[in-house]
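Student: Below you'll find the structure I mean.
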Amino acid sequence: MRIVELEARHVRIPLKRKMSHATYVRTETDNVVVRCVLSDGTAGFGEGVPRDYVTGETIDFSLDLLKRTEFAKQLDADCPDFPAAVHLAEKIVLAPVPGDDRKIQGNAARCAVELAVLDAFGRAFGEPLSRVTEFVAPELYRFRDRVQYSGVLTNPRGWKTRFYPFVYWASGFAETKIKVGMAGQDDPKRLKRFRRWLGRKMDVRVDANEAWSPAEVAARIRELEPFGVTSVEQPVKHEDVACLAAVRKDVKTPIMLDESLCGEIDAERAAANGWCDLFNIRLSKCGGFVPSLRLAQLAKRHGLGYQLGCQVGETAVLSAAGRHFATSVTDLRHCEGSYDRHLVRERLATDDITFRPGGWAPALTGSGLGIAIDASRLDSATQRKDKLI
């Protein structure tokens, strides 16, 4: 079995509501979707969500980088079984990007290609994507038949300020992430209000999206600690991340890296210099399923925690990949994702894998990603199409 066709698309998906945080406001998403076809006609799909403020990728940058990569040579191999296909996918390397010392520019594009390859071979060999964890990182593998996702509160206004947290509490969510650091907002006041409606038992963590300066970050964190915050995500800009080694000594709340945790170089630097307690691993920003497993392995070696995050605007393709990761990787501190029906106007799949009340969602046990792509929906959302093989 071998790859005979590889195609990349620019897919534009409107969001059902405006999503805002300290770094960006978004009403639509421009994603990369890759289609991989095998010699027996089996097709697989992968997705990446390029974000220039995370990995330096725009949609055009990602597609042009894919066109510059010699996939015909890299993927010119027969795969007799799924482990061989996983090994082939792990070796995918995109064309070099000058000045990219973190080796992260192209991660969203690579993720789309890798997932498409794994989905296609998984379907052909009757293996679910979750088996990749068993092959690549057996020490992390623990299959669960369901997973519970976190809720998220961005910047609700008016009646929604009470309604959204009340719904999370009433429907049985165990965890909620709250966006902080937005201009004009009084974060202690907001957290006090949200905590009242979420209840004292709810696990609450905050995400600052690089909002604070090194001079103020410790004070900002300390003023939120009375509300039982279990972690604070990316409190400073990436260029200021070194200050967190000292900040960790001045606060009680664990620090999680996100925008500063996009690849192995980032992870090694963070672990070696004591910049954080936790990694936020997101498949698209970290380069795919296998690189994300490698980051979880690295975190474990260094005694750090890790969670599964997601990108705003993921369709069912990335949601399904995240579900396989969430249900096969042990010791995930939190899980985010599968917001499909609540956020995107087009999920690209015939299946609705949005999480259920309480954030609960079942494992996907079908071959590959375990979902069916709606070709007409994909064509309707496509803005550009490029042949890679």
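Student: Sort out which residues of the range 151-182 are touching a helix residue (DSSP H, G or I) at 6+ places or on another chain (Cβ under 6 Å) and of a type in the set (Asp, Glu), and write them in order of number.
Tutor: None; the set is empty.
Student: When you check Phe143 against the structure, is it surrounded by fewer than 18 Cβ atoms within 10 Å (Cβ to Cβ) and either touching a Pro at 6+ places or on another chain (Cβ under 8 Å) or on the phi > 0 side of the Ramachandran plot (or both), yes or no?
Tutor: No.
Student: Scan the range 154-174 and tell me whether some residue there is assigned by TED's automatic domain parsing to the domain that holds Cys36 and of a type in the set (S, T, N, Q).
Tutor: No; the residues of the range 154-174 include none that is assigned by TED's automatic domain parsing to the domain that holds Cys36 and of a type in the set (S, T, N, Q).
Student: Sticking with this one: Based on this model, can you work out whether Thr327 counts as surrounded by 21 or more Cβ atoms within 10 Å (Cβ to Cβ), touching a Lys or Arg at 6+ places or on another chain (Cβ under 6 Å) and in the same structural domain as Lys300 (by TED's automatic domain parsing)?
Tutor: Taking the combined requirement at face value, the residue satisfies it.
Student: Being in contact with a Ser or Thr (Cβ under 6 Å, 6 or more places away or on another chain) and either of a type in the set (Lys, Arg) or touching a residue at least 60 places away in the same chain (Cβ under 8 Å) (or both) is the filter here; which residues of the range 330-343 pass it?
Tutor: His334, Glu336, Gly337, Ser338, Arg341 - these are the residues of the range 330-343 that are in contact with a Ser or Thr (Cβ under 6 Å, 6 or more places away or on another chain) and either of a type in the set (Lys, Arg) or touching a residue at least 60 places away in the same chain (Cβ under 8 Å) (or both).
Student: I've got another one for you. If we scan the range 340-363, do we find a residue that is in a helix (DSSP H, G or I), crowded, with 20+ Cβ neighbours inside 10 Å and touching a Pro at 6+ places or on another chain (Cβ under 9 Å)?
Tutor: Looking through the range 340-363, none of the residues is in a helix (DSSP H, G or I), crowded, with 20+ Cβ neighbours inside 10 Å and touching a Pro at 6+ places or on another chain (Cβ under 9 Å).
Residues are listed down the side, and each one gets a yes or a no for (1) under 21 Å from the mean Cα position of the chain (by Cα); (2) in the same structural domain as Cys111 (by TED's automatic domain parsing); (3) farther than 22 Å from Phe289 by Cα:
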| position | (1), (2), (3) |
| --- | --- |
| Val241 | yes, no, yes |
| Leu244 | no, no, yes |
| Arg248 | no, no, yes |
| Met256 | yes, no, no |
| Cys262 | yes, no, no |
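Student: Something else about it: Quick check, is Arg377 in the same structural domain as Glu57 (by TED's automatic domain parsing), of a type in the set (D, E, K, R) and under 23 Å from Val33 (Cβ atoms)?
Tutor: So Arg377 passes the test.
Student: Quick check on my filter: what residues within the range 217-226 are in contact with a Leu (Cβ under 8 Å, 6 or more places away or on another chain) and either surrounded by fewer than 20 Cβ atoms within 10 Å (Cβ to Cβ) or within 18 Å of Gly305 (Cβ to Cβ) (or both)?
Tutor: Residues satisfying the conditions do not exist here.
Student: Val312 passes all but one of (1) at pLDDT 95 or above; (2) under 19 Å from the mean Cα position of the chain (by Cα); which number fails?
Tutor: (1) is the only condition that Val312 fails.
Residues are listed down the side, and each one gets a yes or a no for (1) in contact (Cβ under 8 Å) with a residue 24 or more places away in the chain; (2) touching a His at 6+ places or on another chain (Cβ under 7 Å); (3) crowded, with 17+ Cβ neighbours inside 10 Å:
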residue	(1), (2), (3)
Leu129	yes, yes, yes
Gln148	yes, no, yes
Thr161	yes, no, no
Lys177	yes, no, yes
Lys189	no, no, no
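Student: Another one. Considering only the range 343-364, state which residues are under 22 Å from Asp203 (Cα atoms) and in contact with a Lys or Arg (Cβ under 7 Å, 6 or more places away or on another chain).
Tutor: Thr354, Trp360, Ala361, Pro362
Student: Quick check on my filter: what residues within the range 75-107 are of a type in the set (A, V, I, L, M) and touching a helix residue (DSSP H, G or I) at 6+ places or on another chain (Cβ under 6 Å)?
Tutor: Those that are of a type in the set (A, V, I, L, M) and touching a helix residue (DSSP H, G or I) at 6+ places or on another chain (Cβ under 6 Å): Ala77, Ala85, Val86, Ala89, Ile92, Leu94, Ala95.
Table: residues versus (1) on the phi < 0 side of the Ramachandran plot; (2) crowded, with 20+ Cβ neighbours inside 10 Å.
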site: Ala208; (1), (2): yes, yes
site: Ala215; (1), (2): yes, no
site: Gly228; (1), (2): no, no
site: Arg248; (1), (2): yes, no
site: Asp258; (1), (2): yes, yes
site: Leu261; (1), (2): yes, yes
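The values are calculated or read from the model by the stated rules, or taken from the named source; none is laboratory data. Predicted, not measured: the structure shown is a model, and the values here were computed from it. Cβ atoms come from the backbone with ideal geometry, glycine included; neighbour counts cover every protein chain shown.
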